[in-house]
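The values are calculated or read from the model by the stated rules, or taken from the named source; none is laboratory data. Please read these numbers as outputs of a predicted model, since none were measured by experiment. When we count neighbours, we look across all protein chains shown, and the Cβ atoms used for this are built from the backbone with ideal geometry, even at glycine. Side chains included, ligands, DNA and RNA excluded: accessible areas come from the protein's heavy atoms. Shrake-Rupley method; radii C 1.70, N 1.55, O 1.52, S 1.80 Å.
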Amino acid sequence: MDYSTLITSINNNIFTVVINRPEKLNALNSIVLSELEHAIEEIYTNPFIKSAIITGTGSKAFVAGADISELSNLTKTEAIKLSKRVQDIFLKIENSGKPIIAAVNGFALGGGCELAMACHFRIASENARFGQPEVNLGIIPGYGGTQRLTKLIGKGRAIELLISGIMIDASTALQYGLVNYLVPEESLMNKAISILSVINSKAPIAISQCIRSVNAVEDNSINGYVIENIAFGESFDTADRKEGTLAFIEKRMPKFTGK
Ligand code: COA
(Lines give C-alpha, C1' and ligand atoms only; values in the text may rest on other atoms or scores of the structure.)
Protein backbone atom coordinates (compact mmCIF):
# COMPACT_ATOMS: atom_id res chain seq x y z
CA MET A 1 0.00 0.00 0.00
CA ASP A 2 1.20 3.55 -0.82
CA TYR A 3 1.25 6.01 2.04
CA SER A 4 2.00 9.73 1.95
CA THR A 5 3.31 10.09 5.51
CA LEU A 6 4.67 6.58 6.14
CA ILE A 7 7.43 4.58 4.50
CA THR A 8 6.82 0.86 4.88
CA SER A 9 8.77 -2.21 3.87
CA ILE A 10 8.81 -5.94 4.58
CA ASN A 11 12.13 -7.77 4.94
CA ASN A 12 12.45 -11.26 6.35
CA ASN A 13 8.87 -11.09 7.64
CA ILE A 14 9.62 -7.88 9.59
CA PHE A 15 7.38 -4.95 8.68
CA THR A 16 9.03 -1.58 9.19
CA VAL A 17 6.83 1.50 9.52
CA VAL A 18 8.74 4.78 9.32
CA ILE A 19 6.70 7.87 10.19
CA ASN A 20 7.85 10.37 7.61
CA ARG A 21 7.06 14.04 8.28
CA PRO A 22 10.57 15.23 9.10
CA GLU A 23 9.72 18.91 8.58
CA LYS A 24 7.29 18.65 11.54
CA LEU A 25 9.39 16.19 13.56
CA ASN A 26 6.99 13.39 12.53
CA ALA A 27 4.11 14.91 14.50
CA LEU A 28 0.90 12.88 14.38
CA ASN A 29 -1.59 14.79 12.23
CA SER A 30 -4.86 13.29 11.00
CA ILE A 31 -3.24 11.84 7.85
CA VAL A 32 -0.49 10.09 9.85
CA LEU A 33 -3.10 8.69 12.22
CA SER A 34 -5.28 7.31 9.39
CA GLU A 35 -2.26 5.83 7.65
CA LEU A 36 -0.99 4.34 10.89
CA GLU A 37 -4.38 2.72 11.35
CA HIS A 38 -4.06 1.16 7.87
CA ALA A 39 -0.51 0.02 8.55
CA ILE A 40 -1.66 -1.72 11.75
CA GLU A 41 -4.42 -3.39 9.74
CA GLU A 42 -1.69 -4.62 7.37
CA ILE A 43 0.17 -6.12 10.33
CA TYR A 44 -2.98 -7.94 11.43
CA THR A 45 -3.89 -9.25 7.99
CA ASN A 46 -0.72 -9.76 5.91
CA PRO A 47 0.48 -13.35 6.40
CA PHE A 48 4.02 -12.38 5.35
CA ILE A 49 4.32 -10.07 8.36
CA LYS A 50 5.42 -11.79 11.57
CA SER A 51 6.42 -8.71 13.55
CA ALA A 52 6.85 -4.97 13.13
CA ILE A 53 9.02 -1.99 14.01
CA ILE A 54 7.67 1.54 14.31
CA THR A 55 10.22 4.34 14.02
CA GLY A 56 10.53 7.91 12.77
CA THR A 57 12.40 9.40 9.86
CA GLY A 58 15.72 11.14 10.49
CA SER A 59 17.80 11.25 13.61
CA LYS A 60 16.02 14.09 15.37
CA ALA A 61 12.61 12.69 16.21
CA PHE A 62 10.70 9.48 16.65
CA VAL A 63 7.46 11.49 16.93
CA ALA A 64 7.34 14.96 18.58
CA GLY A 65 3.71 14.53 19.57
CA ALA A 66 0.24 15.13 18.29
CA ASP A 67 0.23 17.87 15.65
CA ILE A 68 -0.28 20.93 17.81
CA SER A 69 -1.65 23.00 14.91
CA GLU A 70 -4.54 20.52 14.59
CA LEU A 71 -5.18 20.51 18.35
CA SER A 72 -5.36 24.24 18.76
CA ASN A 73 -8.90 24.70 17.38
CA LEU A 74 -10.61 21.61 18.76
CA THR A 75 -13.77 21.92 20.82
CA LYS A 76 -14.22 19.81 23.94
CA THR A 77 -16.45 17.35 22.05
CA GLU A 78 -13.96 17.06 19.19
CA ALA A 79 -11.10 16.57 21.65
CA ILE A 80 -12.93 13.72 23.39
CA LYS A 81 -13.66 12.11 20.00
CA LEU A 82 -10.02 12.42 18.87
CA SER A 83 -8.73 10.98 22.13
CA LYS A 84 -11.07 7.96 21.87
CA ARG A 85 -10.11 7.36 18.24
CA VAL A 86 -6.37 7.41 18.93
CA GLN A 87 -6.78 5.39 22.13
CA ASP A 88 -8.47 2.72 19.97
CA ILE A 89 -5.70 2.80 17.34
CA PHE A 90 -3.04 2.45 20.04
CA LEU A 91 -5.03 -0.36 21.73
CA LYS A 92 -4.88 -2.19 18.40
CA ILE A 93 -1.09 -1.97 18.56
CA GLU A 94 -1.07 -3.21 22.16
CA ASN A 95 -3.46 -6.08 21.39
CA SER A 96 -1.73 -7.19 18.19
CA GLY A 97 -0.85 -10.87 18.36
CA LYS A 98 2.20 -10.06 16.25
CA PRO A 99 4.90 -8.20 18.19
CA ILE A 100 5.20 -4.49 17.41
CA ILE A 101 8.22 -2.70 18.85
CA ALA A 102 9.25 0.94 18.85
CA ALA A 103 12.74 1.96 17.72
CA VAL A 104 12.96 5.40 19.32
CA ASN A 105 15.41 7.60 17.43
CA GLY A 106 15.13 11.06 19.01
CA PHE A 107 12.22 12.98 20.55
CA ALA A 108 9.32 10.78 21.69
CA LEU A 109 7.10 13.44 23.18
CA GLY A 110 3.39 13.58 23.95
CA GLY A 111 1.59 11.36 21.43
CA GLY A 112 5.02 10.08 20.34
CA CYS A 113 5.80 8.79 23.82
CA GLU A 114 2.25 7.37 23.96
CA LEU A 115 2.75 5.61 20.62
CA ALA A 116 6.05 4.11 21.80
CA MET A 117 4.40 2.97 25.04
CA ALA A 118 1.57 1.25 23.13
CA CYS A 119 4.18 -0.94 21.43
CA HIS A 120 5.11 -4.23 23.08
CA PHE A 121 8.53 -2.91 24.05
CA ARG A 122 10.93 -0.15 23.16
CA ILE A 123 14.55 0.23 22.09
CA ALA A 124 16.12 3.68 22.32
CA SER A 125 19.06 5.28 20.61
CA GLU A 126 21.40 7.41 22.70
CA ASN A 127 19.77 10.64 21.49
CA ALA A 128 16.23 9.56 22.43
CA ARG A 129 14.25 11.87 24.70
CA PHE A 130 10.95 10.98 26.31
CA GLY A 131 8.32 13.20 27.85
CA GLN A 132 4.68 14.13 28.20
CA PRO A 133 4.87 17.92 27.75
CA GLU A 134 1.10 18.41 27.28
CA VAL A 135 0.91 20.37 30.53
CA ASN A 136 2.94 23.09 28.78
CA LEU A 137 -0.02 23.48 26.41
CA GLY A 138 -2.60 23.46 29.16
CA ILE A 139 -3.81 19.96 28.31
CA ILE A 140 -3.13 16.38 29.37
CA PRO A 141 -2.14 13.27 27.39
CA GLY A 142 -5.21 11.73 25.75
CA TYR A 143 -3.79 8.80 23.82
CA GLY A 144 -3.37 6.43 26.77
CA GLY A 145 -0.31 8.18 28.22
CA THR A 146 -1.53 8.65 31.78
CA GLN A 147 -2.34 4.94 31.99
CA ARG A 148 0.61 3.34 30.22
CA LEU A 149 3.26 5.65 31.70
CA THR A 150 2.03 4.81 35.21
CA LYS A 151 2.05 1.08 34.49
CA LEU A 152 5.49 1.21 32.91
CA ILE A 153 7.42 3.45 35.32
CA GLY A 154 5.26 3.65 38.46
CA LYS A 155 2.99 6.30 39.93
CA GLY A 156 5.51 8.71 41.46
CA ARG A 157 7.72 8.95 38.39
CA ALA A 158 4.71 9.12 36.06
CA ILE A 159 3.02 11.92 37.98
CA GLU A 160 6.28 13.86 38.10
CA LEU A 161 6.73 13.61 34.31
CA LEU A 162 3.07 14.38 33.61
CA ILE A 163 2.78 17.45 35.81
CA SER A 164 6.24 18.93 35.18
CA GLY A 165 6.38 18.30 31.42
CA ILE A 166 10.12 17.59 31.74
CA MET A 167 11.92 15.33 29.30
CA ILE A 168 14.07 12.40 30.33
CA ASP A 169 17.08 11.19 28.39
CA ALA A 170 17.59 7.67 27.11
CA SER A 171 19.69 6.48 30.03
CA THR A 172 17.03 7.65 32.51
CA ALA A 173 14.39 5.90 30.36
CA LEU A 174 16.48 2.72 30.60
CA GLN A 175 16.82 3.11 34.36
CA TYR A 176 13.04 3.67 34.66
CA GLY A 177 12.30 0.54 32.60
CA LEU A 178 10.63 2.56 29.87
CA VAL A 179 12.98 1.03 27.30
CA ASN A 180 14.58 -2.40 27.15
CA TYR A 181 17.82 -1.36 25.42
CA LEU A 182 19.87 1.74 24.83
CA VAL A 183 22.10 1.56 21.75
CA PRO A 184 24.20 3.92 19.64
CA GLU A 185 22.16 5.76 17.01
CA GLU A 186 23.66 3.86 14.10
CA SER A 187 22.86 0.47 15.69
CA LEU A 188 19.19 1.14 16.47
CA MET A 189 17.53 -0.59 13.51
CA ASN A 190 19.99 -3.49 13.53
CA LYS A 191 19.27 -4.09 17.20
CA ALA A 192 15.50 -4.06 16.56
CA ILE A 193 15.89 -6.41 13.59
CA SER A 194 18.15 -8.82 15.46
CA ILE A 195 15.70 -9.09 18.40
CA LEU A 196 12.74 -9.60 16.06
CA SER A 197 14.68 -12.22 14.06
CA VAL A 198 14.95 -14.29 17.24
CA ILE A 199 11.27 -13.74 18.03
CA ASN A 200 10.22 -14.56 14.46
CA SER A 201 11.82 -18.01 14.76
CA LYS A 202 9.39 -18.92 17.57
CA ALA A 203 5.88 -20.32 17.27
CA PRO A 204 3.48 -17.50 16.25
CA ILE A 205 0.47 -18.81 18.17
CA ALA A 206 2.54 -19.16 21.34
CA ILE A 207 3.79 -15.57 20.84
CA SER A 208 0.27 -14.19 20.42
CA GLN A 209 -0.98 -16.11 23.48
CA CYS A 210 1.93 -14.71 25.57
CA ILE A 211 0.98 -11.16 24.53
CA ARG A 212 -2.70 -11.85 25.26
CA SER A 213 -1.88 -13.20 28.73
CA VAL A 214 0.48 -10.35 29.62
CA ASN A 215 -2.09 -7.77 28.47
CA ALA A 216 -4.64 -9.45 30.74
CA VAL A 217 -2.60 -8.24 33.75
CA GLU A 218 -3.79 -4.72 32.98
CA ASP A 219 -7.44 -5.55 32.37
CA ASN A 220 -9.35 -5.19 35.61
CA SER A 221 -12.46 -6.77 34.10
CA ILE A 222 -10.82 -10.19 33.75
CA ASN A 223 -8.68 -12.52 35.82
CA GLY A 224 -5.25 -12.83 34.19
CA TYR A 225 -4.74 -16.35 35.57
CA VAL A 226 -7.94 -17.46 33.84
CA ILE A 227 -6.74 -15.90 30.56
CA GLU A 228 -3.30 -17.53 30.96
CA ASN A 229 -5.02 -20.87 31.57
CA ILE A 230 -7.10 -20.51 28.38
CA ALA A 231 -4.10 -19.23 26.39
CA PHE A 232 -1.99 -22.16 27.62
CA GLY A 233 -4.65 -24.50 26.24
CA GLU A 234 -4.75 -22.59 22.93
CA SER A 235 -1.00 -23.02 22.54
CA PHE A 236 -1.36 -26.77 23.07
CA ASP A 237 -3.97 -27.08 20.36
CA THR A 238 -1.41 -26.38 17.61
CA ALA A 239 0.82 -28.18 15.14
CA ASP A 240 3.66 -25.95 16.36
CA ARG A 241 3.38 -27.40 19.86
CA LYS A 242 3.77 -30.92 18.42
CA GLU A 243 6.71 -29.75 16.28
CA GLY A 244 8.38 -27.81 19.13
CA THR A 245 8.24 -30.66 21.62
CA LEU A 246 9.22 -33.27 19.00
CA ALA A 247 12.16 -31.16 17.81
CA PHE A 248 13.43 -30.92 21.38
CA ILE A 249 13.22 -34.69 21.81
CA GLU A 250 14.89 -35.27 18.43
CA LYS A 251 17.59 -32.69 19.31
CA ARG A 252 16.99 -30.48 16.26
CA MET A 253 15.75 -26.95 15.57
CA PRO A 254 11.93 -26.72 15.27
CA LYS A 255 10.29 -25.62 12.02
CA PHE A 256 7.25 -23.57 13.05
CA THR A 257 4.43 -22.93 10.61
CA GLY A 258 2.08 -20.76 12.66
CA LYS A 259 -0.55 -23.51 12.73
N1 COA B 1 3.13 19.55 16.32
C2 COA B 1 3.28 20.31 15.23
N3 COA B 1 4.46 20.75 14.79
C4 COA B 1 5.56 20.41 15.49
C5 COA B 1 5.48 19.63 16.64
C6 COA B 1 4.19 19.18 17.06
N7 COA B 1 4.02 18.41 18.12
N8 COA B 1 6.73 19.46 17.15
C9 COA B 1 7.55 20.13 16.31
N10 COA B 1 6.84 20.71 15.32
C11 COA B 1 7.35 21.52 14.20
C12 COA B 1 7.76 22.91 14.65
O13 COA B 1 6.64 23.76 14.72
C14 COA B 1 8.71 23.27 13.55
O15 COA B 1 7.97 23.62 12.40
P16 COA B 1 8.34 24.96 11.56
O17 COA B 1 9.77 24.73 11.13
O18 COA B 1 7.36 24.94 10.42
O19 COA B 1 8.20 26.09 12.51
C20 COA B 1 9.41 21.96 13.23
O21 COA B 1 8.54 20.93 13.72
C22 COA B 1 10.75 21.81 13.93
O23 COA B 1 10.56 21.99 15.32
P24 COA B 1 11.35 23.06 16.20
O25 COA B 1 10.51 23.41 17.40
O26 COA B 1 11.83 24.18 15.36
O27 COA B 1 12.61 22.18 16.65
P28 COA B 1 13.51 22.38 17.95
O29 COA B 1 14.70 21.51 17.75
O30 COA B 1 13.73 23.81 18.24
O31 COA B 1 12.61 21.79 19.14
C32 COA B 1 11.14 20.20 20.21
C33 COA B 1 12.26 20.43 19.17
C34 COA B 1 10.68 18.75 20.06
C35 COA B 1 11.66 20.45 21.62
C36 COA B 1 9.97 21.18 19.92
O37 COA B 1 9.63 21.07 18.54
C38 COA B 1 8.73 20.93 20.70
O39 COA B 1 8.68 21.24 21.88
N40 COA B 1 7.70 20.34 20.05
C41 COA B 1 6.41 20.12 20.67
C42 COA B 1 6.45 18.94 21.60
C43 COA B 1 5.10 18.78 22.28
O44 COA B 1 4.64 19.61 23.01
N45 COA B 1 4.47 17.62 22.01
C46 COA B 1 3.21 17.30 22.60
C47 COA B 1 2.08 17.75 21.74
S48 COA B 1 0.52 17.35 22.47
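Highlighted here are the helices (runs of 4 or more DSSP H) found entirely within region 165-259 that include at least 1 residues which are at pLDDT 95 or above, of a type in the set (Lys, Arg) and surrounded by 13 or more Cβ atoms within 10 Å (Cβ to Cβ): 188-200, 204-216.
I'm trying to understand the selection: among the residues of region 129-162, which are open to solvent by 40 Å² or more (accessible area, probe 1.4 Å) and more than 19 Å from the chain's Cα centre (by Cα)? Break it down into steps so the answer makes sense when it comes.
Taking region 129-162 and keeping what is open to solvent by 40 Å² or more (accessible area, probe 1.4 Å), we get 129, 135-140, 146-147, 150-152, 155-157, 159-160.
Hits for region 129-162 are 135, 136, 137, 138, 139, 140, 155, 156, 157, 159, 160.
The single condition among (1) open to solvent by 50 Å² or more (accessible area, probe 1.4 Å); (2) within 16 Å of the ligand (Cβ to nearest atom); (3) at negative phi; (4) not acidic (Asp, Glu) that residue 7 does not satisfy is (2). Taking region 111-164 as the range and being near the ligand (Cβ under 10 Å from one of its atoms), in a helix (DSSP H, G or I) and hydrophobic (A, V, I, L, M, F, W, C) as the test, the residues that pass are 113, 135, 137. Say whether the condition of being at pLDDT 95 or above, assigned to a helix (DSSP H, G or I) and under 18 Å from residue 192 (Cα atoms) is met by at least one residue in region 2-13. Scanning region 2-13, I find no residue that is at pLDDT 95 or above, assigned to a helix (DSSP H, G or I) and under 18 Å from residue 192 (Cα atoms), so the answer is no. Within region 73-89, is there a residue that is open to solvent by less than 10 Å² (accessible area, probe 1.4 Å) and within 14 Å of the ligand (Cβ to nearest atom)? Taking every residue of region 73-89 in turn, at least one turns out to be open to solvent by less than 10 Å² (accessible area, probe 1.4 Å) and within 14 Å of the ligand (Cβ to nearest atom). The residue that is farthest from residue 114 (Cα to Cα), counting only those in region 36-58 that are out of contact with any helix residue (DSSP H, G or I) (no Cβ under 6 Å at 6 or more places or on another chain), open to solvent by less than 80 Å² (accessible area, probe 1.4 Å) and of a type outside the set (Val, Ile, Thr), is 46.
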